[in-house]
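The values are calculated or read from the model by the stated rules, or taken from the named source; none is laboratory data. Every value quoted in this text rests on a predicted model; they were computed, and no experiment measured them. Reconstructed Cβ throughout: ideal geometry from the backbone, glycine too, with neighbour counts over all protein chains shown. Just so you know, the surface numbers come from the protein's heavy atoms only, side chains and all, with ligands and any DNA or RNA stripped out. Shrake-Rupley method; radii C 1.70, N 1.55, O 1.52, S 1.80 Å.
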Amino acid sequence: DGVINTSEGCSSIANENGDLLFYTDGIHVWNANHTIMSNGNDLEGNWSSTQSSIIVKKPQSSHEYYIFTIDDLEYLDGMHYSVVDMNLAGGLGDVTDEKNVLVLDESAEKVTAIPHQNGTSFWIVTMKAYTGEFFAYLLDENGFNSEPIISDVGSVFPDDFISNTIGYMKANPQGDKIACAYYTQDVMDVMDFNNLTGELSNAFQLDIPSSYGVEFSEDGSILYATAYFNTCSVYQFNLLAGSVDEINNSAYIFCDEANGNFAALQMAPDGKIYVAAVMLGYLHVISEPSILGEGCEILVNEIDLSPGVSLNGLPTFFSSIFT
């Protein structure tokens, strides 16, 4: 009964019992009654941004949440944050006056959150458009720290200005690796992440055409990605295979030409990975994502969305929330 209608990015958050608190397309914020919060319009995300938003609870707070929003390629107004206080509006929450605070101008359409090694704080990570620079910001009990840790380790495609911008970026549940998709290129990046210092390092490239959706298995050993222009394909890579060549050679490719584009990937609390099926009334499911090869069991048209349809996106979460 949700009212969201967006082409790509969105996010939602629940309490510890799984009860919905609020959700957003990066522009509007709806409460649990599916009503827009009174100050919940005109956030700086975009309906056509790959990851238009992610929600992270303020460390050691019982009622404050940060929404980090990302604009799309056309406007590139960057990453901002807004704060929701669940003590307002009779417990339904409202966006506070701390709204649309600029974090990074010209950010790519990518954002993820990774728990800090201290167990309470978070790193909020994005990528600067047109560059290989990743920016990691600390969110702790004092709020958001605007001084980033910058790591210039990503791929750069100077002749294709949208490549670094479109496509998902995800961290593994263990918080020590990040994968980054590049929409119009034939590679994607995988990097180590130091969740103590916020630094990225040891980047290597995996061979996949037009990567868009990205997700790790629950144990972090297997990486999945969708090849968007090759409309029917999900790629699986064994990250424990050995060298970069051996990881690339480990690729298992699932293809089903009858079921449209495979787009966003998102792990859920059941450990399965769900797959956006563009313009179909279903989601596909990777049923056993920790098993290599066809044993991962990709089930097409498994979740019925009728009368709705899937578009490109699925809600962005930080993966460790499920583990």
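Within segment 193-228, what residues put their amide N at less than 20 Å from the label point 7 Å along the Cα-to-Cβ vector of Asp245? Counting only backbone N, you get 203-208.
In a reduced charge model with +1 at each Lys and Arg Cβ and -1 at each Asp and Glu Cβ, segment 251-307 shows a dipole moment near 180 debye about its Cα centre. Spread over its residues, the convex hull of the C-alpha atoms of the chain is 119 Å³ per residue.
Summing Lys and Arg as +1 and Asp and Glu as -1 over all other residues whose Cβ lies under 12 Å from the Cβ of Asn194 gives a net charge of -2.
For the Cα trace of segment 180-323, dividing Rg by the Kirkwood Rh returns an Rg/Rh value of 0.96.
In this view, the solvent-accessible surface of Asp152, computed with a 1.4 Å probe and all protein chains in place, comes to about 110 Å².
Residues in segment 186-226 average 29 Å² of solvent-accessible surface per residue, probe 1.4 Å, ligands and nucleic acids excluded. Of the residues Lys58, Lys272, the one with the largest accessible area comes first in the ranking Lys272, Lys58, computed with a 1.4 Å probe on protein heavy atoms. Just flag the GluC sites (Glu not before Pro) in segment 84-145 sitting in loop per DSSP whose Cβ has no more than 16 other Cβ atoms within 10 Å. Of the GluC sites (Glu not before Pro), the ones in loops of segment 84-145 whose Cβ has at most 16 other Cβ atoms within 10 Å are Glu98, Glu106, Glu141. Given a 1.4 Å probe and every protein chain left where it sits, what share in percent of the accessible area of the chain is carbon and sulfur? Using a 1.4 Å probe with all protein chains present, the chain comes out at 47 percent carbon and sulfur.
Normalised per residue, the accessible area of segment 1-62 is 43 Å², obtained with a 1.4 Å probe and no contribution from ligands, DNA or RNA. Farthest towards the positive end of the charge dipole of the chain, among the residues Pro173, Asn17, Ile247, is the Cα of Asn17, using unit charges on the Cβ of Lys, Arg, Asp and Glu. Counting only heavy atoms of the protein chains and using a 1.4 Å probe, Leu240 has close to 140 Å² of accessible surface.
The loop-placed chymotrypsin sites (Phe, Trp or Tyr not before Pro) in segment 137-203, going by DSSP, that have at most 16 neighbouring Cβ atoms within 10 Å of their Cβ come out as Phe161. Using R0 = 41 Å, the C-beta based FRET efficiency linking Ser290 and Glu106 works out to 0.65.
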